[in-house]
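The values are calculated or read from the model by the stated rules, or taken from the named source; none is laboratory data. Small disclaimer: the values here were computed from a predicted structure and weren't measured. Cβ coordinates were reconstructed from backbone atoms using ideal geometry, including for glycine residues, and neighbour counts include every protein chain displayed.
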Amino acid sequence: MKYLKNYDYGLIILTTLVLFAIGLVCVYGIAYYNYLAANPQWQYTPLYIQYINNMNSFLYPFLVLLLISLGLCIPKRLLEQDILIKFGVLALGVTIILTFLSGIETGLGFILAIMTGVQCIVLILTIKKSKTVRFEKEGYIVRLGSVLLHLGVVILIFNFVTFRENPFHISIFWTGTLLVIAGNIFSFYPGRINSLSQLK
Amino acid sequence: MAFSEYLAARDFLSIIGQPVITYILLVSFLQGFFSIIYLLKHKDNYYSYLVKCTYIITYLYVLGFLFLIWFHLQIYNTVLIEYPEFLRQLIPVESSRFIIPLWIESEKLYFWAMVASVFVLTVQRRKDLVSFLGVVLSIFSTIVYFLSNPFKEPLPIVHNEITMWYSTLSSGDGRIFEMAGNLFGRITFYYDSTYMWTHPPMLFIAYASLIITAAACVYMLVKRDPVYDEIAYRYAKAGYILLTFGMLIGYPWAVEAWKDSAWWWDPKISGSIMMWVLYTAYLHAHIYAGRGKMWKATAYLGIICFASLLFTYLLTYIVPGIHSVVQP
């Protein structure tokens, strides 16, 4: 159990560092945008597309790392730790191969598709109060909140990366947003949600 | 006639609002003074004066805000943009009215300061933290008075648009086509937009909550008392939910309103993502705040997060972009 705690602690540290790195990518984007904006017409030149592609390519590797470290793609709530690490390495390996063969968007799309499936399974098991799923924190509402939050984040990223031109893009966006907000509220205020549900 | 009524309402807002914000400034000096004195001497009567000052300032902010609501209602009632018949093919409606949100131009900093003032009244468990926040609020009110006074020149951009419209319309200037198109777009996708009524206020309420998180993180580092960490976390949770929802609901609006513009990876959006990931990092790190020196890292992270918040807010004024008021 202590070993698992250390493992989770490591994941939290890694997540924090990856989030910090994404923040740095954003700072770079702001500085570079400011530099390019010296020419007021730069957005009508190929430089703009190049800038967008550069920013996406800088962000995507950190997104893959973030998804792995968050335990989104690695179903840490379903599997034992050794299987879990093998699963993570396999997923990462396939992502890297796909990235080299078809580009970073395909690789990211693959890992996001797996994660969406895994999170849906975790959600169903959590709602059914299955003992197969392991959680850090006690309490049904917190667990449900955590799952909703993770699923919402996966759906939002998946939507931004893969479905930007899809006619259902905005509908999918609202689904992800509602899941994230519900997940946040359930995770942060389980006591209040519990007392509200008991009132009924 | 309608234009003159609007001008009269604008002048009246300045007349009734200017004393309110002047009193806010004066009382905020007292608030800052009593805060510093309490932090130095720790005498309860100074704290009592500080709390009274904070209540007075909050009431004054709310009173000023009611005046602003009245002014916005006056704009709605008096200014009717009637598009001429010959523009009907260009503009799909006969007329438009301004339903102007209460957090644009010089009003946004005022709104943020008002909500921050209300939030500080909810922090009651630690007198030293309230005093520190008193100093912060005092500086904030001074900035609002000198740099973002909503009563000095009420809504200058809106005023310019309304004035230009009426003057061009009456002079029969050929620029009316361009102006009508621009104004219709501004009213439909900006002023009267549902998102403009929800996206910015959520962010400003979040920012107000996160001021308390940052102040509590500073105190956590200084005093090393877990109660400050608990206060920081409590306000961070509320702020984070509003920040997340506020940021996300801006997205469908951007897709709709800026479909022909280059806004992806705009500096303000990059800044907002940076701020959001940092607050996510803070909340993540907080899970293990009780372990080793993690409380210290978490507290530093809370302060860095707030610095990123200020930076993101200021980006509108320092870096060009679709959200910005500065151009290259």
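Here are some notes:
- Cβ pairs under 9 Å, 6+ apart, first in the stretch A:170-181 and more than 7 Å from chain B (Cβ to nearest Cβ), second surrounded by fewer than 19 Cβ atoms within 10 Å (Cβ to Cβ) and not in a helix (DSSP H, G or I): A:Ile172/A:Phe163; A:Ile172/A:Asn166
- Between A:Leu178, A:Leu125, A:Leu108, A:Leu101, the distinction of being part of a helix (DSSP H, G or I), surrounded by fewer than 18 Cβ atoms within 10 Å (Cβ to Cβ) and at pLDDT below 85 belongs to A:Leu125 only.
- Residue pairs whose Cβ atoms lie under 6 Å apart, sitting 6 or more positions apart in sequence or on different chains, and linking a residue in the stretch B:2-14 that is in contact (Cβ under 8 Å) with a residue 12 or more places away in the chain to a partner that is polar (S, T, N, Q), are B:Ala2/B:Thr78; B:Glu5/B:Thr78; B:Tyr6/B:Thr78; B:Ala9/B:Gln74.
- Of the residues contained in the stretch B:147-154, one or more are found to be at pLDDT 90 or above, of a type outside the set (Phe, Trp, Tyr), over 30 Å from B:Tyr49 (Cβ atoms) and not assigned by TED's automatic domain parsing to the domain that holds B:Ile269.
- Answer residue from the stretch A:25-43, given it is more than 8 Å from every other protein chain (Cβ to nearest Cβ) and part of a helix (DSSP H, G or I) and is nearest to A:Val161 (Cα to Cα) among those: A:Val25
- Scanning the stretch A:144-169 for residues that are facing chain B (nearest Cβ under 10 Å) and not in a helix (DSSP H, G or I) turns up just one, A:Arg164.
- Any hit, the stretch B:227-242, residues being more than 23 Å from A:Thr175 (Cα to Cα) and β-branched (Val, Ile, Thr): yes
- Within the stretch B:80-190, helices (runs of 4 or more DSSP H) holding 3 or more residues that are more than 22 Å from the chain's Cα centre (by Cα): B:127-147, B:156-171, B:176-186
- Members of the stretch B:311-328 that are surrounded by 15 or more Cβ atoms within 10 Å (Cβ to Cβ) and part of a helix (DSSP H, G or I): B:Phe311, B:Thr312, B:Tyr313, B:Leu315, B:Thr316
Here is a yes/no grid of residues against (1) farther than 22 Å from B:Ile99 by Cβ; (2) in a helix (DSSP H, G or I); (3) of a type in the set (S, T, N, Q); (4) not assigned by TED's automatic domain parsing to the domain that holds B:Gln31:
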{"residue": "B:Asn45", "(1), (2), (3), (4)": "yes, yes, yes, no"}
{"residue": "B:Leu60", "(1), (2), (3), (4)": "yes, yes, no, no"}
{"residue": "B:Phe67", "(1), (2), (3), (4)": "no, yes, no, no"}
{"residue": "B:His72", "(1), (2), (3), (4)": "no, yes, no, no"}
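- Filter result for B:Phe34 (touching a residue at least 60 places away in the same chain (Cβ under 8 Å) and part of a helix (DSSP H, G or I)): yes
- Selected residue (criterion: modelled with the lowest pLDDT) from residues of the stretch A:1-19 that are crowded, with 18+ Cβ neighbours inside 10 Å and facing chain B (nearest Cβ under 7 Å): A:Ile12
- Index of the failed condition, B:Leu283 passing every other in (1) within 11 Å of chain A (Cβ to nearest Cβ); (2) under 26 Å from B:Met196 (Cβ atoms); (3) in a helix (DSSP H, G or I); (4) hydrophobic (A, V, I, L, M, F, W, C): (2)
- Meets criteria (in contact (Cβ under 8 Å) with a residue 12 or more places away in the chain and under 24 Å from A:Asn56 (Cα atoms)) for A:Leu156: yes
- Residue match in the stretch B:240-249 (condition: at the interface with chain A (Cβ under 9 Å from one of its Cβ atoms) and over 22 Å from B:Phe119 (Cα atoms)): yes
- When each of B:Tyr195, B:Tyr190 is tested for being of a type in the set (Ser, Thr, Tyr), away from chain A (no Cβ under 14 Å) and surrounded by fewer than 22 Cβ atoms within 10 Å (Cβ to Cβ), the lone residue that passes is B:Tyr190.
- Criterion violated by B:Gly302 - all others in (1) within 21 Å of B:Ile269 (Cα to Cα); (2) surrounded by 13 or more Cβ atoms within 10 Å (Cβ to Cβ); (3) within 11 Å of chain A (Cβ to nearest Cβ) satisfied: (3)
- Across the stretch B:250-280, the number of residues qualifying as surrounded by fewer than 21 Cβ atoms within 10 Å (Cβ to Cβ), within 10 Å of chain A (Cβ to nearest Cβ) and not in a helix (DSSP H, G or I) comes to 4.
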